[in-house]
1. Could you look through segment 150-204, keep only residues that are modelled with pLDDT under 90 and within 16 Å of ligand 2 (Cβ to nearest atom), and pick out the one that is farthest from Trp60 (Cα to Cα)?
2. Exactly one condition in (1) of a type outside the set (A, V, I, L, M, F, W, C); (2) in contact with a helix residue (DSSP H, G or I) (Cβ under 6 Å, 6 or more places away or on another chain); (3) outside any strand (DSSP E or B) is not met by Gly79; state its number.
3. Being within 16 Å of ligand 2 (Cβ to nearest atom) and not in a strand (DSSP E or B) is the filter here; which residues of segment 5-37 pass it?
4. Specify the residue that is nearest to Leu181 (Cα to Cα); the eligible residues are those in segment 38-63 that are more than 16 Å from ligand 2 (Cβ to nearest atom) and not in a loop (DSSP other than H, G, I, E, B).
5. Name the one entry in Leu224, Leu218 that is touching a strand residue (DSSP E or B) at 6+ places or on another chain (Cβ under 7 Å) and crowded, with 21+ Cβ neighbours inside 10 Å.
6. (1) more than 13 Å from ligand 1 (Cβ to nearest atom); (2) modelled with pLDDT of 85 or more; (3) buried (at least 21 other Cβ atoms within 10 Å of the Cβ); (4) over 14 Å from the mean Cα position of the chain (by Cα): which one isn't true of Ala207, the others all being true?
7. Considering each residue of segment 295-311, count those that are under 14 Å from Ser330 (Cβ atoms) and part of a strand (DSSP E or B), and give that number.
8. Among Thr270, Thr292, which is more than 33 Å from the chain's Cα centre (by Cα), part of a helix (DSSP H, G or I) and surrounded by fewer than 14 Cβ atoms within 10 Å (Cβ to Cβ)?
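The values are calculated or read from the model by the stated rules, or taken from the named source; none is laboratory data. This one's a predicted model, so the numbers in the text were calculated from it and none came from an experiment. Neighbour counts run over all protein chains shown; Cβ positions are idealised from the backbone, glycine included.
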Amino acid sequence: MIRFDQATKRYPDGTVAVDTLELEAPSGKITVLVGPSGCGKTTSLRMINRMIEPTSGTIWLDDTDTASMPAHELRRQIGYVIQHAGLFPHRTIVDNIATVPFLLGTDKKKARARAMELLERVGLDPAFAKRYPAQLSGGQQQRVGVARALAADPPVMLMDEPFSAVDPVVRDQLQDEFLRLQGELGKTIVFVTHDIDEAIKLGDQVAVLRVGGHLAQLAAPAELLSRPVDAFVAGFVGRDRGYRALGFSSAGTIPTRDEPTVAMGESLPTGGDEWLLAVDGSGAPQGWLHLTDEPHGAVVEDPMLYRGGTLATQGGTLRSALDACLSSPSGRGVVIDESGRLVGSTTAREVLALIEAQVEGAVT
Ligand SMILES: Nc1ncnc2c1ncn2[C@@H]1O[C@H](COP(=O)(O)OP(=O)(O)OP(=O)(O)O)[C@@H](O)[C@H]1O
Ligand SMILES: [Mg+2]
């Protein structure tokens, strides 16, 4: 646990970067500090490992006043990550194992050397180091996962915009990977970002700071979206927050109806609806076919597909259920099961009924 107790940082020129901050980052959880540029996020983070000393107040690490510990001892327990570019995409095995050391800011040569040690420790041939995960069996991949977990040492990690230098697609992958890793490791993490979407995705709790180093609100993501405390936080969490909040509600069982399909490589049937769903051999949806565009009896091939629609998973969120409907060229949202096979289709009207039922349930 990390606790800011009336922590203030006034720089020598009089700038108050952090003002009597009261905040607790619970053990094993991700606490995100978010706010506009200059609001004191980095200063707050660096006060934890004493790269910046508070002017007044105390920062506790569990039951210890951090000011009473030698800085090097403090820092041994705390990984500190600053912004990196292109950390994870398409990683080899060695780089997968080194994920956490990379995140912790260890230099790559050292991190890779340690990853090689760990590879051997879990009983894998060092020759696997340069392979990609897809080139290993499931069991070997599992051991790589164990090695990666072993590569983590400090119980606390401070991360200052670690994913901001990569493109949105890679960033999304990094975030997913990071959450998965945290699920395994359960570190105490303080994560800084200026991106509210990233904060909401990653945070167990989110602290919104305003310029001057004031804590405007500390809340779980869903609560932040539904109940911003004031106009500043409401403005900061931004538009579409009602829609984004649907990402925190399970759709339960989405009502579906059977959807006629055609398999890739088969010829188009005559008649039927204007839109027809194409599936692969295992029944996984591939895209929609617009029958009026195609000659009678044409063989279904990749270029004919409209792939714009997202897929909703049975048991997933209301957000993905609604998005599947809104993004589908046919207007019918495609619902799949956990293994990716088609369950059926639903409509925006039906998903809205689910949303309404939840709203009513919450109100009554
Ligand atoms: N060494 C310093 N001397 C004086 N003022 C400073 C110093 N370092 C930071 N500041 C000021 O303190 C305030 C908070 O800075 P900080 O770096 O903590 O903000 P931040 O929230 O991390 O911003 P960003 O999102 O731009 O990284 C800013 O007004 C900044 O100009
Ligand atoms: Mg900063």
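1. Top of the filtered list is Ala165.
2. Condition not satisfied by Gly79: (3).
3. Answer for segment 5-37, where residues must be within 16 Å of ligand 2 (Cβ to nearest atom) and not in a strand (DSSP E or B): Tyr11, Thr15, Gly35, Pro36, Ser37.
4. As a first pass, look at segment 38-63 and keep what is more than 16 Å from ligand 2 (Cβ to nearest atom): 50, 53-63.
After this cut, where a residue has to be not in a loop (DSSP other than H, G, I, E, B) as well, the list is 56-61.
On the way: Ser56: 35, Gly57: 33, Thr58: 30, Ile59: 27, Trp60: 26, Leu61: 23 Å.
If we take residues in segment 38-63 being more than 16 Å from ligand 2 (Cβ to nearest atom) and not in a loop (DSSP other than H, G, I, E, B), then Leu61 is nearest to Leu181 (Cα to Cα).
5. Answer to the check: Leu224.
6. Only one criterion in (1) more than 13 Å from ligand 1 (Cβ to nearest atom); (2) modelled with pLDDT of 85 or more; (3) buried (at least 21 other Cβ atoms within 10 Å of the Cβ); (4) over 14 Å from the mean Cα position of the chain (by Cα) is unmet by Ala207, namely (1).
7. Residues flagged as under 14 Å from Ser330 (Cβ atoms) and part of a strand (DSSP E or B) within segment 295-311 amount to 2.
8. Values: Thr270 fails: part of a helix (DSSP H, G or I).
Only one candidate qualifies: Thr292.
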